[in-house]
Amino acid sequence: MPTLFTKIINREIPAEIIYEDSHVVAFKDIQPQAPVHVLIVPRQEVVSIAELPEEGDHRHLLNAAKKIAEQLGLSSFRLVINTGPDAGQTVFHLHMHLLGGDQLGHFGVPGFGES
Ligand code: 5GP
């Protein structure tokens, strides 16, 4: 059963694809959390970082992030990979969020670290 993101990659579900190469496809998040919110998804179906095969070549995700940031004229941005439900992962096909386009709030557990 293909994942939601594989269906997007295969153009079975529409999305605003902004970048693709032989390893990854990147498209705009349907519920953006910042002016720029792009999902960078490996074509290979890997559930999450926790399931990443050690022999895989996953620098393609970072290479794509760099190219997309350049393409969008972003000098500051944040890359996030939610891994597992407690970290907010809702789609179980590895993906990296690229967020930017404005001053970003800090991350972490709300209120944690405040005295
Ligand atoms: P996660 O919560 O797993 O880290 O990220 C999944 C992301 O996928 C969420 O930010 C969510 O808004 C996005 N998303 C879920 N369904 C769709 C969809 O059908 N199209 C697009 N473009 N993004 C989606």
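The values are calculated or read from the model by the stated rules, or taken from the named source; none is laboratory data. None of these values were measured; they are calculated from a predicted model. Neighbour counts run over all protein chains shown; Cβ positions are idealised from the backbone, glycine included. SASA here: full protein model, heavy atoms, side chains in, ligands and nucleic acids out. Shrake-Rupley method; radii C 1.70, N 1.55, O 1.52, S 1.80 Å.
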Within the stretch 61-75, is even one residue among the hydroxyl-bearing types (Ser, Thr, Tyr) and free of Cβ contacts under 8 Å to residues at least 40 places away in the same chain?
-> yes
For residue 36, are the conditions met, namely being touching a residue at least 24 places away in the same chain (Cβ under 8 Å), under 21 Å from residue 8 (Cα atoms) and surrounded by fewer than 18 Cβ atoms within 10 Å (Cβ to Cβ)?
-> no
How about the stretch 71-82: which of its residues are assigned to a loop (DSSP other than H, G, I, E, B) and open to solvent by less than 50 Å² (accessible area, probe 1.4 Å)?
-> 74, 82
What number of residues within the stretch 8-39 satisfy the criterion of being of a type in the set (Gly, Ala, Ser) and part of a strand (DSSP E or B)?
-> 1
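Could we say that residue 101 is over 13 Å from the mean Cα position of the chain (by Cα), free of Cβ contacts under 8 Å to residues at least 40 places away in the same chain and either open to solvent by less than 70 Å² (accessible area, probe 1.4 Å) or within 13 Å of the ligand (Cβ to nearest atom) (or both) here?
Values: over 13 Å from the mean Cα position of the chain (by Cα): yes; free of Cβ contacts under 8 Å to residues at least 40 places away in the same chain: no; either open to solvent by less than 70 Å² (accessible area, probe 1.4 Å) or within 13 Å of the ligand (Cβ to nearest atom) (or both): yes.
Taking the combined requirement at face value, the residue does not satisfy it.
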Pick from the stretch 1-47, criterion more than 9 Å from the ligand (Cβ to nearest atom) and small (Gly, Ala, Ser), ranking: farthest from residue 94 (Cα to Cα) | 34
Could you tell me whether any residue of the stretch 54-70 is more than 16 Å from residue 24 (Cβ to Cβ), within 16 Å of the ligand (Cβ to nearest atom) and open to solvent by 60 Å² or more (accessible area, probe 1.4 Å)?
-> no
What do you reckon, is residue 91 under 14 Å from residue 34 (Cα atoms) and open to solvent by less than 70 Å² (accessible area, probe 1.4 Å)?
-> no
